[in-house]
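Novice: Quick one: the structure is below, and I'll ask about it shortly.
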């Protein structure tokens, strides 16, 4: 009995060590992801006269929207991991000491598998957001097509004012050697450009807020499930179910011939030990 408890406690310690490593990695990813939302990163993307601005075309806006959503998903998943791990470490120790070490190990292993899945989602989101950030900085055109810029310039030039006057007054519009015009981003004097910037900015902010609120609600729901799983009644229910399954397996093996029974019985015990992390002790 004592040996089984010691083995279970060692396995529980290993699981908690794995959770600690997972929590540390999630915390590091949170720091890197938040740096993507920092002012030095966002400022060139959001300024309406920058060559890196996201307002100049529909594909700039598309990549930027996906980038912000992936960063929000990454941070939300990492926060869920860190929060749940901090609770599981305490709840698992208490469950092992009060109820059953075997049940605590099995439930903790189940939650660790779920947290590993969340970490994969967070890591994939972080990787994709990093790729999208590179695309936004160097993979997309830094100026609008010449015909679009010339069309905007002609719209804003007005009567009695030359295109050269507008070009010299608005530095984002330049005339190329071939006589065409290009612009770095949107023209702040154009009401339509301002409307596009404001509407898309509000949409991106709303989408990120929705993602964060949805992930927070999901994380709270997961926390309630984890807390419920460590309740004494839940652990005792698991223990009774497990003992019933074990009894059915051994009864089925006992009905077999001698040599075959010994071989299958050892295979059942080996498979069950590796799956459960050790036989559970009796409830305390």
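Bear in mind these aren't lab numbers, they're just calculated from the coordinates by the rules spelled out. Owing to the predicted nature of the structure, the values given are computational and were not obtained by experimental measurement. Using ideal geometry, Cβ is built from the backbone for each residue, glycine included, and neighbour counts are taken over all protein chains shown.
Novice: So for each of 68-78, 119-129 I average, over its residues, the number of other beta carbons within 10 Å; can you give me the resulting order with the highest mean first?
Specialist: Highest mean packing first, the order is 68-78, 119-129.
Novice: If packing is taken as the average count of other Cβ atoms within 10 Å, what order do 29-37, 87-95 fall into, highest mean first? Write out the running numbers ahead of the final one.
Specialist: Working: 29-37: 16.0, 87-95: 18.1.
For the peptides 29-37, 87-95, the packing ranking is 87-95, 29-37.
Novice: How much length is gained on full extension from residue 86 to residue 34, taking 0.36 nm per residue of separation minus their Cα-Cα distance?
Specialist: 16.6 nm
Novice: Pull out the extension gain between residue 224 and residue 127, defined as 0.36 nm times the separation in residues minus the alpha carbon to alpha carbon distance; nm, one decimal. List each step's numbers first, then the result.
Specialist: Values: separation 97, 0.36 × 97 = 34.92 nm, distance 2.95 nm.
Stretched out fully, the residue 224 to residue 127 stretch lengthens by 32.0 nm.
Novice: If each residue of separation counts as 0.36 nm, what is the full-extension length gain between residue 214 and residue 194 once their alpha-carbon separation is subtracted?
Specialist: Stretched fully, the residue 214-residue 194 segment lengthens by 4.2 nm.
Novice: OK, next. Between the alpha-carbon centers of region 1-57 and region 81-149, tell me the distance in whole angstrom.
Specialist: Using only Cα atoms, the two centres lie 7 Å from each other.
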